[in-house]
Amino acid sequence: MAASNPLTTHVLNTGDGIPAAKMAISLHRLNSELMIWNMLSVGTTNEDGRCPGLISPEAFTSGMYKLRFETGSYWESLGQTSFYPYVEVVFTITEPQQRFHIPLLMSRFSYSTYRGS
């Protein structure tokens with residue numbers, strides 16, 4: 001699995017104790033010369049809150065990346081409001097041959113993330 005998915009994520013709605021299904025996510029890489037973000041892919045979390053296949057091993061190179069989670073739209077789909085319209089997690093990859101897992105734990109008024117395994 002690591003060979004086909006060098007970067008994975010998992011979104012958990014900790015307020016309700018469930019996976020955050022059907023949340024839109026986009027992956028971006030920083031063009032360090034122009035200092036602009038280039039969108040690489042988009043996806044939607046599955047029923048388990050995961051979004052596989054964001055980037056291939058061949059395209060996963062050293063650099064600065066960000067995952068953008070459309071949290072506001074997710075909460076709206078549940079008929080709720082949220083303090084955060086989106087969450088962006090920016091991270092640097094120096095060893096792209098490794099596997100990276102970046103979970104997002106969120107409620108309507110808070111979020112946290114970390115590098116998982």
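Points worth noting:
- Under the Karplus curve 6.51 cos²θ - 1.76 cosθ + 1.60, θ = phi - 60°, whole-Hz ³J(HN,Hα) for segment 92-107, x wherever Gly or Pro sits: 10, 9, 10, 10, x, 6, 7, 9, 10, 10, 10, x, 10, 9, 8, 10
- Couplings 3J(HN,Hα) for segment 73-83, derived from phi with the Karplus relation 6.51 cos²θ - 1.76 cosθ + 1.60 (θ = phi - 60°), are 5, 4, 5, 4, 5, 9, x, 10, 9, 9, 6 Hz, where x marks Gly and Pro.
- For the set R115, R50, R68, the ranking by accessible area, highest first and with no ligand, DNA or RNA atoms included, is R115, R50, R68 under a 1.4 Å probe.
- Residues Y74, Y114, sorted by accessible area with the largest first, give Y114, Y74 [1.4 Å probe; ligands and nucleic acids excluded].
- The candidates S77, S112, arranged from most to least accessible area with a 1.4 Å probe in the full protein assembly, appear as S77, S112.
- Value at 222 nm in deg cm²/dmol, rounded to 500, when DSSP H runs of n ≥ 4 in the chain each add -39,500 (n - 2.57): -1500 deg cm²/dmol
- Computed from backbone phi with θ = phi - 60° and the Karplus coefficients 6.51, -1.76 and 1.60, the 3J(HN,Hα) list for segment 63-68 is x, 9, 10, 9, 9, 10 Hz; x is used for glycine and proline.
- The charge dipole of the chain, taken about its Cα centre with unit charges on the Cβ atoms of Lys, Arg (+1), Asp and Glu (-1) only, comes to about 100 debye.
- Heavy atoms of T94 accessible to a 1.4 Å probe, total area in Å² rounded to 10: 100
- Amide H contacts of L40 (H built 1.01 Å from N, under 5 Å, at least 5 apart or other chain): L27, H28, R29
- Relative contact order computed over the chain (Cα-Cα under 8 Å; 6+ residues apart), in percent: 31
The values are calculated or read from the model by the stated rules, or taken from the named source; none is laboratory data. None of the values given here were measured: they were computed from a predicted structure. Methodologically, a virtual Cβ is constructed for each residue, glycine included, from the backbone with ideal geometry; neighbour enumeration extends over all protein chains shown. We work out accessible area using only protein heavy atoms, side chains counted, and drop any ligands, DNA or RNA first. Shrake-Rupley method; radii C 1.70, N 1.55, O 1.52, S 1.80 Å.
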